[in-house]
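The values are calculated or read from the model by the stated rules, or taken from the named source; none is laboratory data. Quantities reported herein were computed from a predicted structural model and do not represent experimental measurements. Ideal geometry is used to build each Cβ from the backbone, glycine not excepted, and the neighbour counts take in all protein chains shown. Just the protein is used for accessible areas: all its heavy atoms, side chains included, with ligands, DNA and RNA removed. Shrake-Rupley method; radii C 1.70, N 1.55, O 1.52, S 1.80 Å.
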Amino acid sequence: MRFSKMFIPTLREAPADAEAISHILMLRAGYVRQLASGLYIFLPLGWRVLGKINAILKEEMEAIGAQEISMPILHPAEIWQQTGRWNAIGDEMFRLKDRTDRDMCLGMTHEEIMTWLASREIRSYRDLPQIWYQIQTKLRDEARPKSGVLRTREFIMKDSYSFDASEESLEKNYRLHADAYHRIFERCGLKFMMVESDPGMMGGATSHEFMAPSPAGEDEVATCGSCGYSANVELALSSPVKNEPVDWALEEVHTPEKRTVQEVSNFLKLQPSYFIKSILLINNKGPVLALVRGDQEIHEKKLAKIIGDHRPARKEEVKEILGVEAGFIGPVGHKIRIVADSSLKEGMFVSGANKQHYHMKGIRAEREFSAEWADIHIAKSGDSCIKCGNPLNIERVIEIGNIFKLGTKYSSALKAFFLDENGQEKLIIMGSYGIGPARIAAAAIEQNNDKDGIIWPKSIAPFDVELLPLNMNDAKTVEVAEGLYKALKGKGVEVLMDDREERAGVKFKDADLIGIPTQIILGEKNLKEGLLEIKDRKTKESVRVKIEEAVEKLTRA
RNA sequence: CGGGGCGUAGCGCAGCCUGGUAGCGCACACGGUUCGGGACCGUGGAGUCGAAGGUUCAAAUCCUUUCGCCCCGACCA
C-alpha cells in the first residue's frame with residue numbers, strides 16, 4: 001500500500017479528551033475517530049489491525065471445530081422475555097419498536113438467539129456437540145463509555161457457544177476454548193492471564209476471564225506468585241496478615257469524639273488491624289451488622305451473596321436499632337443478625353462499646369459475640385493466599401476475553417431439548433465464550449508503546465514493514481523503493497511505502513507513531529554505497545544491508 | 001444516576017473575572033529557500049465563540065435553561 005493513497009490522518013497533538021495511552025495513540029496515529037461517546041469509527045489502519053486479529057480468532061476457532069455463522073443484531077423481544085433477561089437487564093439494553101409496534105432490542109450478546117436456533121434445529125444426541133461462533137457487532141447502552149475503544153456502546157465481539165449432551169462434554173468444550181484462548185492471546189503478543197471470575201448475570205457456575213495487565217484496565221485481579229492462584233478481585237479470597245497476639249482484659253475505654261477507625265486507632269495508638277469495623281446494613285428482612293477488621297473494606301458482592309440485596313442504614317436507623325450513634329457501634333450485646341469476616345475469628349480486638357464516646361477493648365470472637373463467618377473483605381495487596389499462604393499481588397487488568405459454563409439456563413428457558421440414546425428428552429448443556437478484538441488491539445498498545453508511538457506485535461500490526469524512501473525527488477531512491485515494494489509484495493510481505501513528498505523527519509515521526517514493527521529506510525548516502533537500513537521499531541536498532549540482500553533478509557525473519 | 005471538569009478555526013489553547021471590532025501556535029492553500037528525526041520566510045483561506053432564551057446602547061464575556069464530551073464513583077451480558 002502506498003502511504004499517499006491511504007487515509008492516515010496522523011495528529012501532532014492529542015485531542016484533549018483522550019486520556020488512556022491506547023486512546024491517545026489510536027487517535028494520533030490515525031487508527032480511529034470518535035463519532036460520539038462510546039462510538040468509534042475504525043479508519044483504514046485500525047480496520048486492518050482488527051482484520052489481523054479476527055483472522056487469528058477464526059483460525060483458532062476453526063481449529064477447535066467451531067463453525068462460523070452470523071446472527072442478526074436486531075432481536076425480537078419475545079426471546080429475551082422468555083429467558084427473563086428482557087426484564088432483568090435495565091437501561092443497558094437498547095430497545096425499540098418496529099413499525100407494527102412490536103418490541104425489539106439490539107443484541108448485547110447472543111445467548112438467546114443462539115439457543116433459539118439450537119432449540120429448533122437440534123433434535124438428537126447425534127447432532128451434538130456443536131460449537132457455533134460469529135464475529136459480530138454488539139450494542140450496549142453503557143452507563144459510562146470510557147478509555148477510547150476499551151469500553152464502547154457498540155463493539156465487535158467474537159462470541160462462540162457450545163452445545164453438549166453431557167457435563168463431561170461441556171467440560172471438554174470449555175477446556176478447548178480455554179486452550180484456544182491461550183493460543184489466541186499468545187499469538188496476538190499480549191501479556192495475559194486466566195483468572196477465576198464471577199459469572200454474574202450470565203448464570204451458570206464456572207467462569208474464567210482472560211486479563212491483560214495494564215494500568216488502563218477497569219478490573220483488578222489477585223494473583224499468587226508461588227501457587228498460581230489467580231482470581232478477579234470481585235471474588236478473590238484472601239486472609240490478612242495476622243496480628244501479633246495480645247492479651248487484654250475486657251474493658252471499656254473512654255474515646256471522646258473518636259468515631260472512625262483511624263481516629264480511635266490514633267487515639268489509642270493501636271494499629272487499625274486491631275479494630276473491628278462494624279457497619280449496619282438493611283436487607284429485605286431487616287438489619288444486619290457486618291464486621292470486618294479495621295484495616296479492611298467490606299466487599300459488597302461477597303456480602304450480597306450471603307445477605308442478599310442491601311443498603312447502608314441511615315443515621316437515624318443506626319440509633320434506633322442499636323441505640324447509639326454510628327461511630328461507637330460494636331458487635332457485643334446485640335440480638336440482630338451478624339455476619340463477620342473470618343479474619344476476626346482469632347485474636348483480640350477493639351470495637352465500639354455501643355455507648356456514646358466509649359470503645360470496648362479485649363473483644364474475642366465467640367466469647368463476646370457470635371456471628372456467621374465468611375470471607376467478606378476485599379482482598380488487597382500483601383494479604384496471604386488462601387491456598388498457599390504466600391503474599392498476594394493485586395494488579396489492574398483489561399478484560400480481553402471470558403468463558404462461561406452456562407449449563408441449562410438458556411436451554412431450559414427456550415426449551416432446547418435433544419433426545420438421548422435412550423429416547424429420553426434432555427436439555428442441551430451450553431457454554432459461551434467471548435473475546436473483544438478492539439480490546440486486544442487497545443491492550444496491545446497499552447502494553448507496547450514508547451514516547452514516540454505504538455510498537456505493534458508483528459502478528460497484529462497493520463503492515464509487516466514500512467518502506468521509507470526519504471527523498472522522493474531522488475531518482476535512485478524512487479527506483480530502489482519501487483523495486484523493493486514490488487519484490488516484497490511478491491513474497492507476500494505486507495508493505496506500506498511512505499511515498500509522500502515529505503521531509504525525512506516527518507516520515508520518521510509518522511512511522512514511529514504508526515508503529516509498524518520493521519522500517520526499511522532508503523537514504524541517498526546509503527544507496528550510493530548500495531546499502532539500505534533495516535530498523536526495528538521496538539529496539540530502534542538498525543542494520544545496514546546490501547540492497548540485493550534486503551528482501552531475503554526480511555522474508556527470512 | 002451522584003460528584004468534578006470542559007465546549008472559542010481541523011487539532012492544541014488564550015480571551016471570560018472587570019461586557020466595547022474574535023486572537024495565538026500547529027495544520028491547510030500558494031510562492032520561494034530547504035531536505036536523515038514533526039524546516040524557514042512571505043502571502044492567504046478558514047469561526048453561527050455548543051444551542052436557546054434573557055439582561056444591556058452593546059454579550060464569547062453577565063443570568064437562566066438546555067445539549068454534548070471527558071474524568072472519578074455507582075452500574076456493567
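Look at A:MET108 and say whether it is in contact with a Leu (Cβ under 7 Å, 6 or more places away or on another chain), assigned by TED's automatic domain parsing to the domain that holds A:VAL49 and open to solvent by less than 20 Å² (accessible area, probe 1.4 Å).
Taking the combined requirement at face value, the residue satisfies it.
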How many residues are in contact (Cβ under 8 Å) with a residue 40 or more places away in the chain and either open to solvent by 20 Å² or more (accessible area, probe 1.4 Å) or more than 10 Å from RNA strand B (Cβ to nearest atom) (or both) if we restrict to the range A:513-531? 7
Is it the case that the range A:391-403 has a residue that's out of contact with any helix residue (DSSP H, G or I) (no Cβ under 8 Å at 6 or more places or on another chain), under 16 Å from A:SER343 (Cα atoms) and surrounded by fewer than 22 Cβ atoms within 10 Å (Cβ to Cβ)? yes
Restricted to the range A:512-533, and to residues that are touching a helix residue (DSSP H, G or I) at 6+ places or on another chain (Cβ under 6 Å) and in a strand (DSSP E or B), which residue is nearest to A:MET26 (Cα to Cα)? A:GLN519
If you check A:GLU142, A:GLU209, which single one turns out to be within 10 Å of RNA strand B (Cβ to nearest atom), in a strand (DSSP E or B) and in the same structural domain as A:GLY434 (by TED's automatic domain parsing)? A:GLU209
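This table checks each residue for (1) open to solvent by 20 Å² or more (accessible area, probe 1.4 Å); (2) more than 12 Å from RNA strand B (Cβ to nearest atom).
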| position | (1), (2) |
| --- | --- |
| A:LYS415 | yes, yes |
| A:ASN422 | yes, yes |
| A:GLY431 | no, no |
| A:ALA441 | no, yes |
| A:ALA444 | no, yes |
| A:LYS451 | yes, no |
| A:ILE454 | no, no |
Could you check, for the range A:18-28, whether at least one of its residues is under 30 Å from A:ALA180 (Cα atoms) and open to solvent by 60 Å² or more (accessible area, probe 1.4 Å)? yes
Hits in the range A:221-262 (condition: more than 30 Å from A:VAL397 (Cα to Cα) and among the β-branched types (Val, Ile, Thr)): A:VAL246, A:VAL253, A:THR255, A:THR260, A:VAL261
What number of residues within the range A:213-241 satisfy the criterion of being in a strand (DSSP E or B) and either farther than 20 Å from A:ILE403 by Cβ or not hydroxyl-bearing (Ser, Thr, Tyr) (or both)? 9
Could you list all residues from the range A:170-222 that are under 21 Å from A:LYS409 (Cα atoms), open to solvent by less than 30 Å² (accessible area, probe 1.4 Å) and hydroxyl-bearing (Ser, Thr, Tyr)? A:TYR174, A:SER197, A:SER207
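Do we have A:LYS535 as on the phi > 0 side of the Ramachandran plot, outside the structural domain of A:PRO44 (by TED's automatic domain parsing) and either near RNA strand B (Cβ under 8 Å from one of its atoms) or modelled with pLDDT under 95 (or both) here?
No, not satisfied.
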Which of the residues that make up the range A:500-511 are open to solvent by 20 Å² or more (accessible area, probe 1.4 Å) and assigned to a helix (DSSP H, G or I)? A:ALA504, A:GLY505, A:VAL506, A:PHE508, A:LYS509
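One line per residue, one yes/no per condition, for (1) farther than 16 Å from A:GLN519 by Cβ; (2) among the aliphatic types (A, V, I, L, M); (3) surrounded by fewer than 17 Cβ atoms within 10 Å (Cβ to Cβ):
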{"residue": "A:ALA461", "(1), (2), (3)": "no, yes, no"}
{"residue": "A:PRO469", "(1), (2), (3)": "no, no, no"}
{"residue": "A:VAL480", "(1), (2), (3)": "no, yes, no"}
{"residue": "A:GLY483", "(1), (2), (3)": "yes, no, yes"}
Show me the strands (runs of 3 or more DSSP E) entirely contained within the range A:266-363 in which 1 or more residues are within 27 Å of A:ASP383 (Cα to Cα), open to solvent by 30 Å² or more (accessible area, probe 1.4 Å) and not hydroxyl-bearing (Ser, Thr, Tyr). A:276-283, A:310-312
